[in-house]
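Each remark here refers to the structure printed beneath this line.
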Amino acid sequence: MNARLLTFVVVAPVLLAPLGCATPPKPPELVAFERLRNDPQAKQAEVVAPNVMKRADRLMTQARTHWEDNELSESRHASLYGQAKLKHALALHQQAEANERIKRAKRSLKKVQDDEARLTAEFKALNEQVALLEQLQKQAEERQQLMGELQKQRESATVEQKNLSQKLVQ
């Protein structure tokens, strides 16, 4: 019986040792941190905020090391702090993109305002031309009316001249 007990005492720790030293499951904070780091926008954020991203990557390494060493509390802490750094870098990237959109919108607005000013000037010039054409048309109508009156007066003068000529001849 002592031999069995001795065998159990010696063999059990050897067999159970790998189970006791196994790495626990990843903390959800580390999983979320890794998912956030693998986001395509995180790679773009490296261009805008390289120092912040380097700090986040160091925190990722620390979080994994703590997890592998079964220091779950420290792993969670490093993961959460790393997520904050990564979200800060993403916010800086989004801010840079928004500033670029604002610049494009301002350029577009300036172009539209320039076009509006040019078109307003053209519209004013066209309105002046229309007013001149209307004035010319009115003058042409008045001229036509005067020509008609002149023609009537000539015809009337011709008729009167014929009448006077006939009276003189008689």
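The values are calculated or read from the model by the stated rules, or taken from the named source; none is laboratory data. Because the structure is predicted, anything quoted here is derived from the model rather than measured. Cβ: placed from backbone, ideal geometry, glycine included. Neighbour counts: every protein chain shown.
Table for the structure above
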| item | result |
| --- | --- |
| Inter-residue pairs, beta-carbon under 9 Å, first over 17 Å from Glu46 (Cα atoms) and part of a helix (DSSP H, G or I) and in segment 70-91, second of a type in the set (Val, Ile, Thr) and at pLDDT 95 or above, 6+ apart | Glu74/Thr65; Ser75/Thr65; Ala78/Thr61; Ala78/Thr65; Ser79/Val31 |
| Condition met for Leu59 (modelled with pLDDT under 95, more than 32 Å from the chain's Cα centre (by Cα) and not basic (Lys, Arg)) | no |
| So Gln166, is it assigned to a helix (DSSP H, G or I) and surrounded by fewer than 10 Cβ atoms within 10 Å (Cβ to Cβ) | yes |
| In segment 50-65, the residues that are surrounded by 17 or more Cβ atoms within 10 Å (Cβ to Cβ) and either in contact (Cβ under 8 Å) with a residue 40 or more places away in the chain or of a type outside the set (Lys, Arg) (or both) | Val52, Met53, Ala56, Leu59, Met60, Gln62, Ala63 |
